[in-house]
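The structure appears below as structure tokens.
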Amino acid sequence: MNPHPNQAADAAARTPSQSHSAKPKVRLSCEACRQRKVKCDKSNPCTNCQRLGTRCVPVERARLPRGRSGRLATERSTDTGVNLKDRVSKLESVIRDLARGGSQSSARAILSAAAASESVAQREDSNDRSSDGENPRGDDAGGVQATDSYLGSSFWANLLNEVPDVPPNERRGDGGNVESSKPPNYHRLFAMNSGVGEPINREQPGTSHTHQQLCRIFLERVDPICKVLHRPSLKAFLVEGKPYLDYDLGHLAPTALAYTVYYAASCSLNDEECMRLFGVFKATMVARYQKEAESALARADFIITNDLTVLQAYVLFLLALRSQDQSRRMWTMLSLALRIAQALSLHVPDPSFPVRPFERQLRRRLWLAIGFLDVLACMDRASEPMMQASWLESHPPANVNDIDLSPNMEANPPDSPGFTDMTFTIIVQKAQYVTRSLNFSDFMEPSVTTLAIRQQLVVEFQQSVSKLLRGSQTDKIPFHWFTRSVAACTHASMQLITLRPLQRAPNFTPPRIRGDRLLEFAVNVLTTYHHLRGDSRGFTWQWMEFAFPPWHSLAVAIAELCVCEDVAVMEKFWAPVEQTFDNLGRLVADNKRGMLWKPMEKIMDRARVRRAQLLAGSGTGSVTYSSTMDIAPAPISTQPSPVPVGFATTFDQGGGACMAAVTSIHTPESVESATAWPSVWDAVDFNCAGPGNEMAWSSYENFLADLYVNVDHPLMNG
């Protein structure tokens, strides 16, 4: 029995809000920070919510008693005990009402739940008496209302109102560390061949040195190609051991980013480098860091994340994954990255919430990286893009070096003159825009079918790139040479796409092209591609060759050979076409078993038959080149044939291969000198509608028809 009935009656009459109203309030972590599992500065609104533009919901409770005040402790213990018994009594009343109107089995199940709730409430009460730390539940007046709006039964609403002490999903200790229950295994839906969600391996002896090496490799090989991070901040985090930006040490988001960086770096190495630097096979190293990156992303709850760093890690993971996996896994998982980006408003030029200038640049870089993967996936799968071209043009990042950015900067940086850390990324962004306009149908946005406008898009790309390459030192810095070479190949490929679209376009009328210039131009693109792969200056970034396979140029060249009538022309261009065909199968989606390669094999078989017919008709094994071509060949590049040079990469010393000396090749860039870039326009007769060679155009259309049969019926691919 209660020895103080009057006191108990008074305590029972008081509501929790009334009993706490007279006591000083303690500010706890806000709702958003508690859900994101980040440290809250407990201001109103807090800094994190201001930065993310979210509504800050403060959480307060009455200050718990301190010291050895027996009166306060006794009063609080009595109040808590009475309140607990009162709540249990109300629960029993609610359940009896349910039992009278519902099934007995439902009542028994809820009685069991009520008993468990009472036990939990007692444990929570014991914890409150032993500590004055933060309330792990963080309940407020809005909690019940939010629950009511999602409940279809007043009974369940009443039940939850009577049981406020539901066990929380997470607890915070005094040090701000998060103790989270294991998240649901939703990430297993996206599992690779390795286990996901398993604990990250404990560091082995020498792991710290290995991680520093992998970070340097990432900064040299991956970061220049896919510019989504801030080099100084990443280096301070992974090499110098400092906290990443404003995160606490051990936070899940930087941890996911770190293991993704290690995974991407290991993917950029070849077998010999992996064995020499780390003493393991590449396959072993890639599998290890893929597993750890997946586990770290799962722990960061990447599927519903609101953290920009986690999305950066996921996008880098997809890029590295595609370099090792030619299946449609990346193509499928990329849609998740786009949805997360839209949830973070990356597609909005000026979000409704405040964004610091430094974070604004990182957001725009990440948006371009997702767009690049979108185009890459479309080219892989002959599918429609998810993103519109206008989304990429509306708010590009600044063309600046990373050293010009700082987390504490107050204003957006102006574009820098000359070649910067962002030049390659900006060129890729402009190529994305033109490629989307030339290649795809009207499914997402109107496509460009008028030949004059298609040509103008390519010319404008050429002029823009020439401006970006002003000040580049292609004769001294390998990455400048690599950027210029990739831009030239991209420009040449765009000219072919202008004349031979990648998608079936009923409203497109191909122009007349004089002589064999289209065949010659396509073969020159293939030859330049092989030179780019074989030149030691581009060795550091050769791991990205999967992103630029010239399968379209190969298809155009083969289609022209299928209707070739001159055995000399056939033999002149056959060798580079056959070489590319033999080497390209391992880079395209699904390798040689995929939907892209089967139509390529079919059209190549036709070309082989045509070549055999020409050789049989000539009656001799040797032929001479025809001199009746309308226009002399135009070189695809102003660069001479590559000359092998010494190229040693010193990862252990942290030396950048980008600064290695190379053979001097002077290629000054300006708008005026852009006319020196290779061009096929002089062979196009814009005044004559219709293709000059109906059979060549028909051969290419047959290739597209076979390609889209496989796209429309993917199960036919085996």
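The values are calculated or read from the model by the stated rules, or taken from the named source; none is laboratory data. All figures in this text were calculated on a predicted structure; none of them were measured in a lab. Glycine gets a Cβ as well: all are built from the backbone with ideal geometry, and neighbour counts include every protein chain shown.
The residues in region 264-297 that are over 14 Å from residue 213 (Cβ atoms) and under 21 Å from the mean Cα position of the chain (by Cα) can be counted, and the count is 12.
Here is a yes/no grid of residues against (1) on the phi < 0 side of the Ramachandran plot; (2) assigned by TED's automatic domain parsing to the domain that holds residue 228; (3) modelled with pLDDT of 95 or more:
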| residue | (1), (2), (3) |
| --- | --- |
| 382 | no, no, no |
| 390 | yes, no, no |
| 402 | yes, no, yes |
| 408 | yes, no, no |
| 417 | yes, no, no |
| 423 | yes, no, yes |
| 436 | yes, no, no |
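Which ones in region 307-336 are part of a helix (DSSP H, G or I) and of a type in the set (S, T, N, Q)? Hits for region 307-336 are 309, 312, 323, 324, 332, 335. Pull out all pairs, ordered by first then second residue, where Cβ-Cβ is under 9 Å, the residues are six or more apart or on different chains, the first lies in region 337-356 and is assigned to a loop (DSSP other than H, G, I, E, B), and the second is surrounded by fewer than 12 Cβ atoms within 10 Å (Cβ to Cβ) and among the hydroxyl-bearing types (Ser, Thr, Tyr). Between residues of region 337-356 that are assigned to a loop (DSSP other than H, G, I, E, B) and residues that are surrounded by fewer than 12 Cβ atoms within 10 Å (Cβ to Cβ) and among the hydroxyl-bearing types (Ser, Thr, Tyr), the close pairs are 345/352.
Would you pick out the residues in region 679-708 that are at pLDDT 70 or above, of a type in the set (S, T, N, Q) and either assigned to a loop (DSSP other than H, G, I, E, B) or not assigned by TED's automatic domain parsing to the domain that holds residue 558 (or both)? Once the filter is applied, which keeps residues that are at pLDDT 70 or above, of a type in the set (S, T, N, Q) and either assigned to a loop (DSSP other than H, G, I, E, B) or not assigned by TED's automatic domain parsing to the domain that holds residue 558 (or both), region 679-708 yields only 679.
Is it the case that region 348-363 has a residue that's surrounded by 22 or more Cβ atoms within 10 Å (Cβ to Cβ) and of a type in the set (Val, Ile, Thr)? No, there is no match, as no residue in region 348-363 is surrounded by 22 or more Cβ atoms within 10 Å (Cβ to Cβ) and of a type in the set (Val, Ile, Thr).
If the condition is being among the β-branched types (Val, Ile, Thr) and over 19 Å from residue 315 (Cβ atoms), then region 237-283 contributes 239, 280. Scanning region 263-318 for residues that are among the hydrophobic types (A, V, I, L, M, F, W, C) and out of contact with any helix residue (DSSP H, G or I) (no Cβ under 7 Å at 6 or more places or on another chain) yields a total of 4. Within region 495-509, the set of residues being surrounded by 23 or more Cβ atoms within 10 Å (Cβ to Cβ) and either part of a loop (DSSP other than H, G, I, E, B) or over 34 Å from the mean Cα position of the chain (by Cα) (or both) comprises just one member, 500. Of the residues in region 460-473, at least one is crowded, with 17+ Cβ neighbours inside 10 Å, over 21 Å from residue 393 (Cα atoms) and touching a residue at least 24 places away in the same chain (Cβ under 8 Å).
Which residue, of 294, 359, is within 21 Å of residue 411 (Cα to Cα) and either without any contact (Cβ under 8 Å) to a residue 60 or more places away in the chain or in a helix (DSSP H, G or I) (or both)?
359
Pairs under 8 Å by beta carbon, first residue surrounded by fewer than 16 Cβ atoms within 10 Å (Cβ to Cβ) in region 81-104, partner part of a helix (DSSP H, G or I) and modelled with pLDDT of 75 or more, six or more apart or different chains? Here the result reads none, with nothing in region 81-104 linked to a residue that is part of a helix (DSSP H, G or I) and modelled with pLDDT of 75 or more. Selection of first residues in region 596-620 that are free of Cβ contacts under 8 Å to residues at least 12 places away in the same chain and in the same structural domain as residue 549 (by TED's automatic domain parsing) and of second residues that are surrounded by 17 or more Cβ atoms within 10 Å (Cβ to Cβ) and of a type in the set (Gly, Ala, Ser), restricted to Cβ pairs under 9 Å at least 6 apart or on distinct chains, gives the following pairs, ordered by first then second residue: 601/585. Checking 522, 575 one by one, the residue that is part of a helix (DSSP H, G or I) and out of contact with any Leu (no Cβ under 7 Å at 6 or more places or on another chain) is 575 and no other.
So that you can scan it fast, the table gives a plain yes or no per residue for (1) farther than 27 Å from residue 484 by Cβ; (2) of a type outside the set (A, V, I, L, M); (3) at pLDDT below 90:
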residue	(1), (2), (3)
571	yes, yes, no
578	yes, yes, no
609	yes, no, no
615	yes, no, no
621	yes, yes, yes
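Within region 415-438, the set of residues being crowded, with 21+ Cβ neighbours inside 10 Å and either in contact with a strand residue (DSSP E or B) (Cβ under 7 Å, 6 or more places away or on another chain) or not in a helix (DSSP H, G or I) (or both) comprises 419, 420, 422.
Yes or no: residue 219 over 29 Å from residue 548 (Cβ atoms) and under 20 Å from the mean Cα position of the chain (by Cα)? So that I can check it myself, show each step before the final result.
Details: over 29 Å from residue 548 (Cβ atoms): no; under 20 Å from the mean Cα position of the chain (by Cα): yes.
No: the conditions fail for residue 219.
Residues in region 192-235 that are surrounded by fewer than 21 Cβ atoms within 10 Å (Cβ to Cβ), farther than 24 Å from residue 280 by Cα and at pLDDT 95 or above: 231, 232, 233, 235. Residues that are among the hydroxyl-bearing types (Ser, Thr, Tyr) and assigned to a helix (DSSP H, G or I) within region 263-291 comprise 263, 266, 284, 289, listed in sequence order.
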